[in-house]
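S.K.: After the structure tokens below, expect a handful of questions from me.
The values are calculated or read from the model by the stated rules, or taken from the named source; none is laboratory data. Remember, it's a predicted structure, so these values are computed and weren't measured experimentally. We place every Cβ from the backbone using ideal geometry, glycine too, and count neighbours over all the protein chains shown. Side chains are part of the model used for accessible areas, which takes the heavy atoms of the whole protein and leaves out ligands, DNA and RNA. Shrake-Rupley method; radii C 1.70, N 1.55, O 1.52, S 1.80 Å.
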Amino acid sequence: MNVQETYAYRINIVLEHINKHLGDEIDLARLAEISHFSPYHFHRIFKGIVGEPVGAFIVRMRVESAARLIRYSSLSIEEIAYKVGYQAPSSLTKVFKQFYDISPNQFRNNQNFVIMKPIQINELLHIEGPKQVELPAKQVIYIRLSGNYISLDFSGTWRKLWKYVQENNLFSPEIEHIAIYMDDPKVTEADKLRTDLCLVTPIPAQPKGDIGVKEIPGGKYAIFTYTGSYEDLGSVYDTIYGKWLPASGYEVADMPCFEKYVNNPANTKPEDLITEIYIPIN
């Protein structure tokens, strides 16, 4: 494992810890300890790899999580504030207005207000479902990528993951290609979007370098099957969230959604590509 891979691996551990503990008090010294970096260097290394200071990253994660819960859940603003780590709704309101120039209550009461990008509902897209299922937890190996979805090196990352599978005798017919989208592009700037490209590996695996191992939580999911070009996936999500979800009576669970790629884009026409979209629901 080279130095760059070691640093990425350690920072990934910190990012996972932050994601799982947004509602708790997050101690920066504890994060440095988890990373196994000296507190004197941890902050600079984190900023160098993630692109923003650790404190700013935590605040942004909390505010963006609050925005999703405000829009897609029936939790009160007070409950949401506590859930994302604020001791009082007024604290969330202050930070939320700094980010989006609107209060949480105003955002909830104005469903037409878009924080960053307009919604593009397209009822002509070939979307089937939803099929509601109870999924078991899935172990995945993954590499985290950051940035605009259209600029990510999907093919190179898949090759690296498959090389790891071959080198560690992890092949199984049950391997699946999955992408976990950690952020909502409606509320997160494109250059800060985080995507975990994953292979589901039923055989136990160990992390190595920038390849991590984690579990996709089991639970209730609504599965949509979309047939068509990946270029229209943004509109697919807007159609699901803007049309189906409000009419469904379901609330989105506080977990990331993910995509499963059913066929291979290398030998499939764009209009024949099949993508399963998994939305966690309560």
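S.K.: Evaluate Rg over Rh across the range 200-242, taking Cα atoms for both radii and Kirkwood's formula for Rh. Each step should come with its number before you reach the end.
M.R.: Details: Rg = 15.6 Å, Rh = 13.9 Å.
Radius of gyration over Kirkwood radius for the range 200-242 works out to 1.12.
S.K.: Okay, next question. Please give the calculated 222 nm ellipticity per residue for the chain, where each DSSP H segment of at least 4 residues contributes -39500 (n - 2.57) and the sum is spread over every residue; nearest 500 deg cm²/dmol?
M.R.: On the way: 10 runs with 107 residues, N = 282.
The helix-only estimate for the chain comes to -11500 deg cm²/dmol at 222 nm.
S.K.: Divide, for the range 219-282, the radius of gyration over alpha carbons by 2.2 N^0.38 Å, where N is the residue count.
M.R.: On the way: Rg = 12.6 Å, N = 64, 2.2 N^0.38 = 10.7 Å.
Output field value: 1.18.
S.K.: Next up: Wrap a convex hull around the Cα atoms of the range 28-103, take a quarter of its surface area, and give that in square nanometres. Show your work: numbers first, answer last.
M.R.: Numbers: hull surface 22.8 nm².
Projected area, direction-averaged: 5.7 nm².
S.K.: Where in the chain are the DSSP H helices whose alpha-carbon span along the long axis reaches 24 Å or more and whose Kyte-Doolittle mean is at least 0.0?
M.R.: Sorted by number, the helices that extend far enough and score high enough are 54-72.
S.K.: Under Stokes-Einstein, with the Kirkwood radius over Cα pairs standing in for Rh, what whole-number D in µm²/s applies to the range 111-230 at 37 °C and 0.692 mPa s? Numbers along the way, then the final one.
M.R.: Numbers: Rh = 16.4 Å.
The diffusion coefficient I find is 200 µm²/s.
S.K.: Still on this structure: For the chain, what relative contact order do you get, as a whole percent, if you take Cα pairs closer than 8 Å and at least 6 residues apart? Walk me through the numbers on the way to the answer.
M.R.: Working: 439 pairs, mean separation 56.1, N = 282.
Averaging sequence separation for qualifying contacts and normalising by length gives 20 percent for the chain.
S.K.: With the full set of protein chains in place, find how many percent of the accessible area of the chain is carbon and sulfur; take the probe as 1.4 Å. Display every interim value, and only then the final one.
M.R.: Values: 7400 of 14650 Å².
Whole-percent figure for carbon plus sulfur exposure: 51.
S.K.: Around Glu176, which amide H atoms from residues at least 5 apart in sequence, or from another chain, sit under 5 Å from its own amide H, with H modelled in the peptide plane?
M.R.: Amide H to amide H, under 5 Å and 5 or more residues apart or across chains, Glu176 pairs with Val200.
S.K.: Can you compute the charge dipole magnitude of the chain about its Cα centre, using +1 on each Lys and Arg Cβ and -1 on each Asp and Glu Cβ, nothing else charged? Give it in debye, rounded to the nearest 20.
M.R.: Values: 29 positive and 34 negative charges, 107 e Å.
It comes to approximately 520 debye.
S.K.: Set the Förster radius R0 to 41 Å, insert the Cβ-Cβ distance between Thr225 and Gln98 as r into 1/(1 + (r/R0)^6), and round the FRET efficiency to 0.05. Mind showing how you got there, number by number?
M.R.: Working: r = 40 Å, r/R0 = 0.97.
The computed FRET efficiency comes out at 0.55.
S.K.: Pull up all non-local amide H partners of Asn263: gap of 5 or more, or a different chain, and H-to-H distance under 5 Å with H placed in the peptide plane.
M.R.: Residues meeting the criterion, in which the H sits 1.01 Å from N, are Ile274.
S.K.: Using the Karplus curve 6.51 cos²θ - 1.76 cosθ + 1.60 with θ = phi - 60°, work out ³J(HN,Hα) for each residue of the range 168-184 in order, rounded to whole Hz, and write x for Gly and Pro.
M.R.: So the J values, rounded to whole Hz, are 10, 6, 9, 4, 8, x, 8, 4, 10, 8, 9, 10, 9, 9, 7, 10, 9.
S.K.: Then there is this: Could you report the chain's accessible area per residue, 1.4 Å probe, as an integer in Å²? Could the numbers behind the result be given before it?
M.R.: Numbers: 14650 Å² over 282 residues.
Solvent-accessible surface per residue comes out at 52 Å².
S.K.: Based on the mean of other Cβ atoms within 10 Å per residue, sort peptides 94-100, 147-153 so the most packed one is first. The partial results should precede the final answer.
M.R.: On the way: 94-100: 16.3, 147-153: 13.3.
With the highest mean Cβ count within 10 Å placed first, the list reads 94-100, 147-153.
S.K.: Explain nothing, just compute: Karplus ³J(HN,Hα) = 6.51 cos²θ - 1.76 cosθ + 1.60, θ = phi - 60°, for every residue of the range 250-256 in order, whole Hz, x for Gly and Pro.
M.R.: With the stated coefficients, the range 250-256 comes to 8, 10, 6, 6, 7, 9, x Hz.
S.K.: If you take P(r) over Cα pairs in 10 Å bins from 0, in percent from the coordinates, which of (1) 7, 32, 37, 19, 4, 0; (2) 6, 26, 35, 25, 8, 0; (3) 7, 28, 34, 21, 8, 2, 0 do you get?
M.R.: (2)
S.K.: Run the dipole for the range 124-282 about the Cα centre, Lys and Arg Cβ at +1, Asp and Glu Cβ at -1, nothing else charged, and hand back the magnitude in debye, nearest 20. Intermediate values should be presented prior to the final figure.
M.R.: Numbers: 15 positive and 22 negative charges, 76 e Å.
Roughly 360 debye, rounded to the nearest 20.
S.K.: What are the ³J(HN,Hα) values, in whole Hz, obtained from phi via the Karplus relation 6.51 cos²θ - 1.76 cosθ + 1.60 with θ = phi - 60°, for each residue of the range 223-235 in sequence order, with x given for Gly and Pro?
M.R.: Karplus-based 3J(HN,Hα) across the range 223-235 equals 10, 10, 10, 10, 10, x, 5, 4, 4, 9, 5, x, 5 Hz.
S.K.: Using modelled amide H (1.01 Å from N, peptide plane; none on Pro or chain starts), what sits under 5 Å from the amide H of Ala253, excluding residues fewer than 5 places away?
M.R.: Excluding prolines and chain starts, which carry no amide H, the hits are Ile281, Asn282.
S.K.: Explain nothing, just the number: relative contact order of the range 101-251, from Cα pairs under 8 Å at least 6 residues apart, as a whole percent.
M.R.: Numbers: 217 pairs, mean separation 59.2, N = 151.
Relative CO of the range 101-251 lands at 39 percent.
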